[in-house]
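Participant: Got a structure for you, written out below as structure tokens; questions coming shortly.
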Amino acid sequence: FFQAEDGIRDYKVTGVQTCALPIFNDVGPRDGLQNQSRILEPSQRLQLINALLDAGLKRIEAGAFVSPKAVPAMAGAAEVFAGLPQRDDVCYTALIPNLRGYELARDAGVKSVCMVLYATDAMAHANVRMTSAQASAVAADIIARAAADGIRVTSTVSVAFECPFDGPVDPAVVCGMVTEFMQLGSDEVCIADTIGAANPVQVRRLMDELVASHGAERLSCHFHDTRAMGVANVYAALSAGIRRFDASIGRLGGCPFAPGASGNVATEDVHMMLSQAGFDTGVDIRALMRASELANQLTGSAPGGRARAWLSRQLDKAAADAA
Ligand code: COA
Ligand code: ZN
């Protein structure tokens with residue numbers, strides 16, 4: 001692992017990047033907000049989404065069509081979607097747990113949905129009171145409906161490395177699910193470390209195997225920063241050829257049904273790592289830090305990226321130099 005040039009074979013670390021651009025999907029307005037003690041109004045969630053658009057983000061998970069009893073923070077998702085700026089260059093996604101969620105999303109005019117799959121029965125039960133196989137059958141049905149409705153589908157394999165109830169997950173189970181959902185026609189299959197338990201060696205191994213079987217184009221990764229390995233795991237997946245990443249503004253996040261899960265890897269940390277490594281992410285760091293600040297103001301609990309203090313100091317210095 002990471003012998004010699006292994007991890008950097010496909011781009012120049014110090015020069016201009018020479019491969020497909022990394023694409024961020026900011027899941028802050030969904031994964032991020034669903035676990036905060038303060039519940040935001042749809043108008044506040046739109047404020048956060050607009051700040052992300054100002055920073056140049058092109059993919060945003062804007063909400064979830066879930067039971068408001070199960071996840072009160074996502075109530076009013078249709079209102080959020082109705083208020084989104086119409087932008088041809090931006091893809092807004094909604095998370096859906098079941099067929100009812102799909103129908104509500106479709107009726108709200110959503111063009112891209114994220115359907116959750118479960119690598120373990122215990123996690124499936126905690127989230128949607130189904131077995132993993134039942135949730136997969138629902139997802140397969142939704143993929144067929146979405147094809148007819150012209151809706152894009154991401155199938156997300158949750159707890160792909162470790163389950164808070166069942167422990168470590170066999171990579172063969174995840175590979176089997178990915179093959180199944182690639183064949184069913186998912187536009188994207190996302191590998192999610194829902195509780196932030198993966199390490200970079202595991203990530204590299206699994207993503208190497210998946211990229212060898214399916215190519216990197218339709219694969220993405222979703223990491224949580226619970227054990228401070230979020231950025232390292234993004235790098236491991238990047239080294240395997242993955243270019244699509246979920247991240248959350250201000251390191252907001254955590255699954256209400258997965259004990260011990262903390263925030264997603266911060267969008268600002270991932271941006272910083274990639275841009276310092278020579279990638280053009282298309283993101284404006286000043287505007288991104290404003291969005292992070294706003295996330296903190298609105299929720300009162302966004303920890304911010306791990307590089308928050310350093311990034312803020314650089315921006316203050318640049319502002320002082322300009323004055
Ligand atoms: N959106 C809104 N309401 C929904 C819904 C959806 N996607 N799915 C079900 N409901 C409603 C039903 O209409 C019903 O409402 P009622 O009590 O007013 O009659 C109620 O929820 C219960 O429905 P039921 O089919 O019996 O499901 P359940 O009680 O087994 O709960 C879920 C399952 C899926 C509704 C619920 O657990 C859920 O929404 N979980 C979300 C999980 C999630 O978002 N996890 C975070 C992702 S990591
Ligand atoms: Zn998550």
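None of the figures in this text is laboratory data; all of them are computed from the coordinates on show. For clarity, every value in this text was computed on a predicted model and none was experimentally measured. Virtual Cβ from ideal backbone geometry, glycine too; neighbours counted across all protein chains shown.
Participant: Suppose every K and R has +1 on its Cβ and every D and E has -1 on its Cβ; what is the size of the dipole of the chain about the Cα centre, in Debye to the nearest 20?
Facilitator: The calculated dipole for the chain is roughly 480 debye.
Participant: Putting +1 on Lys and Arg Cβ atoms and -1 on Asp and Glu Cβ atoms, find which of Thr131, Ser112, Leu206 reaches farthest to the positive end of the dipole of region 73-232.
Facilitator: Toward the positive end, the furthest listed residue is Ser112.
Participant: Subtract the Cα-Cα distance of Asp89 and Arg152 from 0.36 nm times their separation in residues, and report this length gain in nm to one decimal. Write out the running numbers ahead of the final one.
Facilitator: Values: separation 63, 0.36 × 63 = 22.68 nm, distance 1.48 nm.
So the extension gain works out to 21.2 nm.
Participant: Express the C-alpha Rg of region 242-323 as a ratio against the empirical globular expectation 2.2 N^0.38 Å, rounded to two decimals.
Facilitator: Normalised Cα radius of gyration, region 242-323: 1.17.
Participant: Any chance you could run the full-extension gain for Val211 through Arg286? It's 0.36 nm times the residue separation minus the Cα-Cα distance, nm to one decimal.
Facilitator: Stretched fully, the Val211-Arg286 segment lengthens by 23.6 nm.
Participant: Where the only charges are on Cβ atoms (+1 Lys, Arg; -1 Asp, Glu), what is the dipole of region 155-208 about its Cα centre, to the nearest 20 debye?
Facilitator: My answer is approximately 140 debye.
Participant: When the Kirkwood hydrodynamic radius is evaluated over all pairs of different C-alpha atoms of the chain, what value in angstrom, to one decimal, is obtained?
Facilitator: On the way: mean 1/r = 0.0512 Å⁻¹.
This gives a value of 19.5 Å.
Participant: Okay, moving on. Once the dipole of the chain is set up with Lys and Arg at +1 and Asp and Glu at -1 on Cβ about the Cα centre, which of Pro68, Ala240, Pro97 lies farthest towards its positive end?
Facilitator: Value computed over the given set: Pro68.
Participant: Taking the Cα atoms of region 201-258 alone, what are Rg (to one decimal) and Dmax (as a whole number) in Å?
Facilitator: Taking only Cα atoms of region 201-258, I get Rg and Dmax of 12.0, 34 Å.
Participant: Are there any chymotrypsin sites (Phe, Trp or Tyr not before Pro) in region 136-227 that are in a DSSP loop and have at most 16 other Cβ atoms within 10 Å? List them by number. The partial results should precede the final answer.
Facilitator: On the way: sites: Phe161, Phe165, Phe181, Phe223; in loops: Phe161, Phe165.
Sites meeting the loop and neighbour criteria: Phe165.
Participant: Sticking with this one: May I have the extent of the alpha carbons of region 128-204 along their three principal axes, as whole Å values ordered from largest to smallest?
Facilitator: Dimensions of region 128-204 along the principal axes of its Cα atoms: 39, 28, 19 Å.
Participant: Could you give me the ³J(HN,Hα) list for region 307-320, computed from phi with Karplus coefficients 6.51, -1.76, 1.60 and θ = phi - 60°, whole Hz, x at Gly and Pro?
Facilitator: 9, 3, 5, 5, 4, 4, 5, 4, 5, 4, 4, 4, 5, 5
Participant: Using just the helices of the chain, give the 222 nm mean residue ellipticity in deg cm²/dmol: DSSP H runs with n ≥ 4 each add -39,500 (n - 2.57), and the total is spread over all residues, rounded to 500.
Facilitator: One gets -12500 deg cm²/dmol as the mean residue ellipticity at 222 nm.
Participant: Taking GluC sites (Glu not before Pro) that fall in a DSSP loop and have at most 16 other Cβ atoms within 10 Å as cut points, what is the longest piece of the chain between them?
Facilitator: 6-216
Participant: Right, here's the next one. Please report the equivalent ellipsoid semi-axes of region 64-171, computed as sqrt(5 x eigenvalue) of the Cα gyration tensor, largest first, in whole Å.
Facilitator: Semi-axes (√(5λ), whole Å): 25, 15, 13.
Participant: On to the next question. Regarding region 36-112, what is the average projected area of its C-alpha convex hull, in nm²?
Facilitator: Average projection, Cα convex hull of region 36-112: 4.9 nm².
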